[in-house]
Amino acid sequence: QVHLVESGGGLVQAGGSLRLTCTVSGRTLDNYAMGWFRQAPGKEREFVASIRWRDGSAYYAESVKDRFTISRDNAKNMVYLEMNSVKPDDTAVYYCAATPVLAGTPVWNYWGQGTQVTVSS
């Protein structure tokens with residue numbers, strides 16, 4: 001079992017920055033990947049970024065490349081999403097997720113409750 005709790009959401013002006021935190025507990029993460037997803041009202045949940053815990057390799061959605069950075073703190077078992085140059089379209093509930101590292105596509109079977117990010121224009 002993996003338990004995830006997001007924090008750090010809030011109101012930020014367009015062009016500003018915000019850092020989201022995902023606190024992870026329940027088991028070791030060496031064989032897991034962590035991800036951030038978001039969902040705006042009336043829209044489908046979409047992938048934002050992911051990071052492989054073991055070596056820190058990261059992957060980003062095209063819409064956030066060069067603006068967002070995902071990272072992890074091995075000592076604290078935390079995952080961060082550094083959001084820079086935010087846009088109104090970034091407004092959404094942001095969710096932290098975890099998946100075992102398998103040979104195939106990630107299953108994303110663990111989820112946090114979400115944290116609201118609102119970007120004002």
- Query: For residues in segment 73-85 being open to solvent by 60 Å² or more (accessible area, probe 1.4 Å) and either among the β-branched types (Val, Ile, Thr) or closer than 15 Å to residue 23 by Cα (or both), which is nearest to the chain's Cα centre (by Cα)?
  - Reply: 82
- Note on the structure: In the set 55, 66, 89, the lone residue that is acidic (Asp, Glu), farther than 18 Å from residue 15 by Cα and loosely packed, with under 12 Cβ neighbours inside 10 Å is 55
- Are any residues in segment 92-107 closer than 21 Å to residue 52 by Cα and open to solvent by less than 40 Å² (accessible area, probe 1.4 Å), and if so, which ones? 94, 95, 96, 97, 98, 99, 100
- Note on the structure: Across segment 70-104, the tally of residues that are closer than 20 Å to residue 30 by Cα and touching a strand residue (DSSP E or B) at 6+ places or on another chain (Cβ under 9 Å) stands at 16
- So, of the residues in segment 39-49 that are assigned to a loop (DSSP other than H, G, I, E, B) and small (Gly, Ala, Ser), which turns out to be modelled with the lowest pLDDT? 42
- Identify, please: which residue in segment 1-52 is among the polar types (S, T, N, Q) and under 15 Å from residue 114 (Cβ atoms) and is, among those, least open to solvent (accessible area, probe 1.4 Å)? 21
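The values are calculated or read from the model by the stated rules, or taken from the named source; none is laboratory data. It should be emphasised that the depicted structure is a prediction, and the values quoted were computed from it without experimental measurement. Please note: Cβ atoms are built from the backbone with ideal geometry, for glycine as well, and neighbour counts cover all protein chains shown. We work out accessible area using only protein heavy atoms, side chains counted, and drop any ligands, DNA or RNA first. Shrake-Rupley method; radii C 1.70, N 1.55, O 1.52, S 1.80 Å.
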